[in-house]
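Just so it is clear, none of the values below were taken in a lab; they were calculated from the coordinates. Since we're looking at a predicted model, the values are computed, not measured. Note that each Cβ is placed from the backbone with ideal geometry, even for glycine, and that neighbours are counted across all protein chains shown.
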Amino acid sequence: MIDAHLHLQHLPDKRVLEEILRSASSRGLNLFFCNAIRIDDFEFLNELASGYSSVVPFYGIHPWASGKLEEGWDRGFEKFLKERVCGVGEIGLDRSKEIDLSVQTAVFRRQMEIAAIHGKPVMIHCVQAWGEMMPILREYAVRVRFLLHAFRGSSEILSEIMKLGGWVTFSWKLFKQKYNEPFEKVVKLIRQVHPGRFLLETDFPYVGAKVFSTLTAEQYFECIEETYRIAAEALGTEPDEFKERMKRNGKAFLHGTSDR
Ligand SMILES: [Zn+2]
């Protein structure tokens, strides 16, 4: 299995982090797309990726962190991007936050440009900002391999993302209705997506305070296993075959070998 979007570096208990990474392969989990939120995360992600080949770092500035950047923040990126197999993320636009959308857009566009220059895949966060997001995606679609994480937009938007050659992930939170989306809508979306261009994620440890007060490695494994189980069931695919497909999809997103 692959967890295509999470933030292992933000686990409050570092022993839990170690336990997850050490026991992952025995639970059938081989790859983590581990996303930065802010510049402070980069160094630690880099260390994690040096210690564990299962960790693929995504370096990026989340829209929530785009309000207070120092001059020259973008140059810091390139050093990290050159070091290893990695992506750019988590970046994007979010209207639910108070940060000026024009500031968010400038930071987002700059990171799309950097990803294009370095040929890196991009992990995107979009909340209530599809009107601003779609023109940027249309503009970059030929130069950047992009993925909309924890997708919960409309069927029309999904259809355009697929036409542009984009990717999406579906999340545990969506399956467990933490966003109050009716499950029939979720099933419809997952059946609509191109079978070679979607992945699954937990967004761990951001799984909702009401669900887990203290996070354990076992809770994490249950979370990812349940996500796979629900998706395979929704698609009527046999679990092992489904896991194989996700493995191929993950590698294709990372290395750019997908059929568009
Ligand atoms: Zn995230």
Cα gyration tensor shape for the range 1-129, rounded if a/c is under 1.5, else prolate or oblate: prolate
Amide hydrogen neighbours beyond the local backbone of residue 92, cut-off 5 Å, H modeled: 125
Under Karplus coefficients 6.51, -1.76 and 1.60, residue-wise ³J(HN,Hα) of the range 154-166 in Hz, glycine/proline x: 7, 5, 5, 5, 4, 5, 5, 4, 5, 4, 7, x, x
Cα-centre dipole for the chain with unit charges at Cβ (Lys and Arg positive, Asp and Glu negative), debye to 20: 540 debye
Global form of the range 102-247, assessed from the alpha-carbon gyration tensor, a/c cut-off 1.5: prolate
Residue 146 long-range amide H proximity, modeled H, under 5 Å: 122, 167
For the range 221-236, Karplus couplings with θ = phi - 60° (6.51, -1.76, 1.60), whole Hz, Gly/Pro x: 4, 5, 4, 6, 5, 5, 4, 5, 4, 5, 5, 4, 5, 4, 8, x
